[in-house]
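Please treat every number below as a calculation from the coordinates, not as lab data. Model, not experiment: these values are computed from the prediction. Please note: Cβ atoms are built from the backbone with ideal geometry, for glycine as well, and neighbour counts cover all protein chains shown.
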């Protein structure tokens, strides 16, 4: 056997060994990520329970979650879209530093987010104190739920929108300017249509994040049934009564998140195809 043949054999053996190691590690990670979902479904279907499923509580929590997240999404669109556009298309000073602060809620611990909202909008907060003197209280209300959702979910939309706006060639705006279009007309008739799928994907991802928000909400808005008790808070409350109800409620919340994520993936695929 020549030196070249021996080297080729060693290389082939190393490649097979690396292939097996990679496959085993990938399988372990897949198992770790999927099995909790399987366990959730299994426990919901097999766990005995003595308490009766409170349809009124679940209906109220679902309605509150859908209502507050709809308002949150509307605020995210109205306020986040201009911000993402300016970050993407204008040479702002300290843009990188500003982007870090805008995206910080993505990695911020939920309890810290709730404390921050309390420090600003609480009765003794920077904005909450003047509002309290006017008889306006934000904490432990539906408004607090919406503010918590917007704070933790908006960076997902802003990040997606900024990336999509930045990917559009400058020639689009130049051509529109030559035709006499102003900035608003260019944004409305060119930037938005070409970015539609990417914006929708980011928006649905933000909605799913708002739907699953727990930590900041319970600290800033409380857990009042019919007023601030969203679906994640209902899951937490059900732990004290009956595990079966807890798992069933969690499955409902999980199903809503899965649908949202599926739509996001589909829209992302459409956006990639359009590019």
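Quick one: order 77, 106 by neighbouring beta-carbon count within 10 Å, fewest to most. Walk me through the intermediate numbers first.
Numbers: 77 16, 106 13.
Ordered by Cβ neighbours within 10 Å, fewest first: 106, 77.
Which residues in the range 18-49 place their backbone N less than 12 Å from a point set 7 Å from the Cα of residue 259 along the Cα-to-Cβ direction? So the set is empty, nothing qualifies. Of the two radii for the chain, the radius of gyration is 1.10 times the Kirkwood radius, both from the alpha carbons; that is the Rg over Rh value. Counting neighbouring beta carbons within 10 Å and listing from fewest to most, the residues 191, 29, 231 come out as 29, 191, 231. Between residue 181 and residue 227, what is the FRET efficiency for a Förster distance of 35 Å, r being their Cβ-Cβ separation, to the nearest 0.05? Step by step, r from the Cβ atoms, then E = 0.15. Of 167, 257, 181, the residue with the greatest mean-square motion in the GNM of the chain, using alpha carbon springs below 10 Å, is 181. When the chain is treated as a GNM with alpha-carbon contacts under 10 Å, the residue of 225, 149, 185 showing the greatest mean-square fluctuation is 185. Extending 7 Å from the Cα toward the beta-carbon at both residue 243 and residue 46 defines two label points whose distance is 1.2 nm.
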